[in-house]
Amino acid sequence: MNKKKQFLLALLVIIFCYVASFIMSYMSLKSVISDNAKQVTQIISERIYDAINNELTKPIAVSLTMASDPYLIKRLKQEADHDLQQNVDDIADYLGHIRSRMGYETTFLVSEQSRYYYTHAGLNKRVDVDNDSHDIWYKLFIDHGKPYELHVDEDQTKSDTLTIFINTRIIDDDGALLGACGMGVQMNNLLKLVRENEEKFHVNIDLVDGTGLVLVDTDEDNIEKKVLDNIPADGLNDDGYVFKMEGESLVGARLVDNLSWYLVINDQENYSKSAFTSLLTGYLLLLVILILFLLISIYVVMKREQTLYVSSAIEVLTGLNSRLVYEQYIRELSKEGYKDVTYISLDLNGLKRVNDQIGHTAGDELIIAAGHYIRDYFVHSGRCYRIGGDEFAVIIDHCNVDKEKIYREFKEIVSRWHGSMVPEMSISLGIARGCDYKIEDIHKLIELADIEMYRDKDLYYQTHNR
């Protein structure tokens, strides 16, 4: 069974299970809604909980991935080895890549060593927890020791837009603190989600911390100003809820584990009648929408699946584009026929000898360093890829390049490298410009670049023992 058929079968199973769960949930709700308002509140809160959790789980996951990125950890540990402008350029480029790929408003990094606050736009400021009230968050976050937290604050890089920041601790393998990183999600996105659910279910919704301080409310004047005194931080039942009657209204709260916040739902009308009508209408409408959406998605997702996957594929060790992205772009160039491009083939010299004599950890050091230099030198002019163990490629979308200058400058930069396990590094490269050959087939241009690269490699081995 091919992948397309497997996908269709899996999607049909999902549709069946989801429709069946909706039908069973509705039948169950219909039988108990008039007798047990708490159960109805709990069902509504489950739906809203999932929606809010889904809104913030992804940026939390991305922030945690950033914090464990070997390239970012190494960059912070070596921050003092580079001048400020180079640090700003490299880190801003990294954060900008994450921001553009994931579609968030803000990405940031704070170095514990220098206290510099980097963003995708460059160096924002130097964190001063003693004199700047906007920076106290960093000290509080570091002091409480959690791996991550959510913090509501104004984004000074976005005209003080109210933002939910995901602050994530960065530590090295020895447990040493290197700083904090993460991203900002505009509060407007979450407020829109809350407002839609308030209108849909005829309830008031707040997100509060353990002290009852309101962090998310459709009335923005209440955010970080109003305190709900009816939500205890303890007393949750086995399902993770706490309920309290206030006059004719039922207040229900649930702990949102990933956020360490409480979801508070306050009904202000005849709960049974409004909830029954809303849920009945909601289930029927959602079922119709779901069927239509999934029928369309069968076609759209299958068409976009490969493209979306390839566009997000980053080679983990070096941070360069992966071979999957490389092959996708080569296929595009092949379809276009002749293209005025420059292809650069690069290959590490002596990697096998290093792996055999010193070990693969030393080999990884060479590969990581090679990726670093290739990215730093070529990222603003071309697309950089790691296409094999010690093989790299750069594709520049024009021919206006000085081959001799690239050879000279790049080799000079690489020659200055000294690693902790390997004393030196050498990279052979070959450059082929499409305009020099008028070649229709991109693969032929790659062959010409490889020939030049192997010629360069032969010169290296003539002066070094194989």
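Values for this structure:
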| quantity | calculated |
| --- | --- |
| Accessible surface of the stretch 67-165, 1.4 Å probe, proportion on carbon and sulfur as whole % | 46 |
| Amide H partners (placed H, <5 Å) of ILE171, local residues excluded | LEU178 |
| Amide proton proximity set for LEU320, modelled H, under 5 Å, gap of 5+ | GLU315 |
| Long-range amide H partners of LEU215 with built H, under 5 Å | LEU207, VAL208, ASP209, GLU224 |
| Note, ³J(HN,Hα) from phi for the stretch 50-59, Karplus 6.51, -1.76, 1.60, rounded to Hz, x at Gly and Pro | 4, 5, 5, 4, 5, 5, 10, 5, 5, x |
| Ordering of 367-378, 172-183 by burial proxy (mean other Cβ atoms within 10 Å per residue, highest first) | 367-378, 172-183 |
| Table column - 3J(HN,Hα) (Hz), the stretch 91-107, Karplus curve with 6.51, -1.76, 1.60, x for Gly and Pro | 6, 5, 5, 4, 5, x, 5, 4, 4, 5, 6, 9, x, 9, 6, 9, 10 |
| Largest-first principal axis extents of the Cα set of the stretch 382-443 (Å) | 44, 25, 15 |
| Point-to-point label distance, CYS17-LYS139, nm (Cα→Cβ direction, 7 Å offset) | 5.0 |
| Filter on LYS74/LYS225; LYS405/LYS444; LYS58/LYS226; LYS125/LYS405; LYS58/LYS200 - keep pairs with C-alpha separation over 30 Å | LYS74/LYS225; LYS125/LYS405 |
| Simple spin-label estimate for ASP81 and ARG47 in nanometres, 7 Å along Cα-Cβ | 5.6 |
| Size of charge dipole - the stretch 342-466 - debye, nearest 20, with Cβ of Lys, Arg +1 and Asp, Glu -1, no other charges | 140 |
| Cα-projected label distance for GLN357 with ILE296, points at 7 Å along beta-carbon direction, nm | 6.2 |
| Residue-wise HN-Hα coupling along the stretch 353-366, computed from phi with Karplus coefficients 6.51, -1.76, 1.60 (Hz; x: Gly, Pro) | 5, 5, 4, 6, 8, 10, x, 6, 5, 5, x, 4, 4, 5 |
| Zone residues, the stretch 79-113, relative to ALA121, backbone N less than 18 Å from point 7 Å out along Cα-to-Cβ | 88-101, 103-110 |
| Heavy-atom accessible area per residue - the stretch 351-466, 1.4 Å, Å² | 54 |
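The values are calculated or read from the model by the stated rules, or taken from the named source; none is laboratory data. These figures come from a predicted structure and were not determined experimentally. All Cβ positions, even for glycine, are placed from backbone atoms using ideal geometry, and neighbour counts span all protein chains on display. Just so you know, the surface numbers come from the protein's heavy atoms only, side chains and all, with ligands and any DNA or RNA stripped out. Shrake-Rupley method; radii C 1.70, N 1.55, O 1.52, S 1.80 Å.
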